[in-house]
Amino acid sequence: MNDLYISDIILNRVDIGDFSAYPFSLPAIKNFDSLRLNSRVTFFVGENGTGKSTLLEAVAVRSGFNPEGGSRNFNFSTMPTHSALYEHIALARGLRKPRDGYFLRAESFYNVATEIERMDREPSFDRPVKVSYGGKSLHEQSHGESFISLVMNRFFGDGLYILDEPEAALSPTRQMTLMVLMRELENLNSQFIIATHSPILMAYPGAEIYVFSEGDIALTPYKETEHYTVTKQFINNPDGMLKHLI
């Protein structure tokens with residue numbers, strides 16, 4: 001699809017002096033050259049520690065987003081922990097530029113909500129920043145409510161939305177709500193790149209799924225992912241699975 005905001009992620013390997021140092025030592029990153037994106041919704045999935053969130057973070061920072069999350073006009077830092085990977089990747093971009101964009105990372109969304117509170121105490125803003133998030137403080141909502149409020153009120157389309165484990169605070173029903181909102185935004189010329197463990201989100205129609213493993217990053221059909229097969233096995237036979245495990 002040639003109208004994507006990001007169509008390729010390329011690792012500049014010649015600029016990397018030491019592949020034994022983190023994050024270049026991660027197996028999936030060590031063997032990585034480039035990744036082609038063909039869908040408006042792309043999922044990065046894989047076991048913990050395989051590098052999916054690390055690459056997602058690098059794409060977000062390279063795209064101009066704050067490492068801890070937020071839109072491009074967020075410029076705060078609680079504790080710099082992002083890797084240097086973003087300095088060594090290039091992004092092939094489409095002809096159109098996104099009018100909107102956001103980097104949501106579940107682990108630091110509290111920091112984003114706190115930054116919004118701080119910005120709203122500044123007299124230089126014409127209106128409270130929280131108005132763009134539904135008008136209610138994100139700290140006065142549950143974690144899941146604040147996530148959905150963000151997508152419903154702050155994402156307005158024509159945007160590049162990079163989400164790191166958005167399911168962390170969402171019930172299964174709310175994950176389905178997120179999928180409905182994603183489809184509405186996709187129809188408004190938006191692109192999503194999402195790192196997830198959720199077999200519900202991964203079922204999104206037309207999405208591409210890249211599985212990060214110990215050796216590579218492979219485009220994988222939904223029903224061939226470990227997330228799908230393990231979840232299906234457990235749901236079909238929880239007693240048998242639990243007896244085997246414990």
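Quick one: ranking I235, I209 by accessible area, 1.4 Å probe, largest first, what do you get? Provide the component values of the computation, followed by the final result.
Details: I235 120, I209 5 Å².
From most accessible down to least: I235, I209.
Across region 4-14, in residue order, what do the Karplus-derived ³J(HN,Hα) couplings come to in whole Hz, using 6.51 cos²θ - 1.76 cosθ + 1.60 with θ = phi - 60° and x for Gly and Pro?
7, 6, 10, 10, 8, 10, 10, 8, 7, 5, 5
Ordering H244, H227 by accessible area with a probe of 1.4 Å, largest first, what comes out?
Numbers: H244 155, H227 35 Å².
So, going from the largest accessible area down, we get H244, H227.
On alpha-carbon atoms, Rg over Rh for region 1-64 using Kirkwood Rh?
Here Rg/Rh amounts to 0.97.
Given labels modelled 7 Å from the Cα in the Cβ direction, how far is it in nm from S25 to D158?
Here the answer is 4.6 nm between the modelled labels.
How high is the relative contact order of region 139-230, in percent, with contacts defined as C-alpha pairs under 8 Å that are six or more residues apart? Walk me through the numbers before you get to the answer.
Numbers: 89 pairs, mean separation 23.6, N = 92.
Result for region 139-230 is 26 percent.
For region 2-48 and region 186-202, what is the separation of their C-alpha centers, rounded to whole Å?
18 Å
The values are calculated or read from the model by the stated rules, or taken from the named source; none is laboratory data. The shown structure was predicted, so the numbers you read here are calculated from the model rather than taken from an experiment. We place every Cβ from the backbone using ideal geometry, glycine too, and count neighbours over all the protein chains shown. Ligands, DNA and RNA are excluded from the accessible area calculation, which covers all protein heavy atoms including side chains. Shrake-Rupley method; radii C 1.70, N 1.55, O 1.52, S 1.80 Å.
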